1. Looking only at the stretch 195-218, count every residue that is at pLDDT below 95 and open to solvent by 40 Å² or more (accessible area, probe 1.4 Å) and tell me the total.
2. Residues in the stretch 159-182 that are closer than 20 Å to residue 239 by Cβ and open to solvent by less than 30 Å² (accessible area, probe 1.4 Å): how many?
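The values are calculated or read from the model by the stated rules, or taken from the named source; none is laboratory data. Quick caveat: nothing in here was measured; it's all calculated off a predicted structure. Neighbour counts run over all protein chains shown; Cβ positions are idealised from the backbone, glycine included. We work out accessible area using only protein heavy atoms, side chains counted, and drop any ligands, DNA or RNA first. Shrake-Rupley method; radii C 1.70, N 1.55, O 1.52, S 1.80 Å.
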Amino acid sequence: MPLTRYVAVCLLALLAIAGCRRQPPPQPAPTQFVLDDAMQHWYGRYDPSTQMARANLPNHPTIELAGTDFAAKDPVDITAIFDAAYTQAGHPRHVIVTAAVPHRSDKPGRPGDDLFHCLICRPVIGMAVFTLRNNSWLLESENTAAELAGSMGNAPQVTMMTLGTDLHGIRLESQFEARDEASQSVSLLVPWRETVERAFATETAATNRDACGPDSPMRDPCYAWQRAIAFVAVPGQQYDDLTVTSSGTQLPPEIASPAAKLVKVAHAHGKTPPPPAPQAIPFAGVERLRFHDGRYTPLASEENSPR
């Protein structure tokens, strides 16, 4: 047989053998995350038509509910206020943040509606993280009552944060405004093992704006202070350190004391001569915190904290 014909026959045989080899089965497309399905799986009672869930608060919530509109085991109406996809440790993940308000029998309650709209009304915030494993979305971490946040019954502003190397958390920002004072606060929620922890919370600004000065009834000095939060990477450490830089003015100790407040109340009612007009005192400082066991705890502080 001529060499060229022999080579051709061999090539045809090899092609035939290759064609007989078993082709790998097609890989199924990744399962899409469906918010309605996730809410149903998490809470158990979810109505897609209203996009509301109904549940009871935990028997032993991780937050203090005394003095609020809620108590342990209370029935609540729940709505998702934020959800986002991200990747961590090589797995697709999806986070959901919810806001719960007291249950209403006539119609589902919502944050900021006509029956949950007051100066101190704050929804209960929940958070859950789902992870895609073996083409199924698994509930990995959850806490239906992780924080109280928001203002005037409305939910807080929610953003996702990078907290370190391939680690994520949720930042909640709330604003409080009254006629005589205003403040802002921040909370950080972090998935930790099978739950969600409130890793950090603080006020980030405060002022007594229109209720201060020598012509005001209480004659308080006008003050305003603010705190800036930043993350600092630490070599060999998974979670970044957190720094809180404070600046501004605050009430002097003698004004903030209970005895001083009684004197001011008496003066306001014309029972004593007016005291000298006080002055706010400046302050500044930096506090550094490190993540440990689900919480940010202080390392050192050079701050005279606002009162």
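1. The total comes to 6.
2. 6
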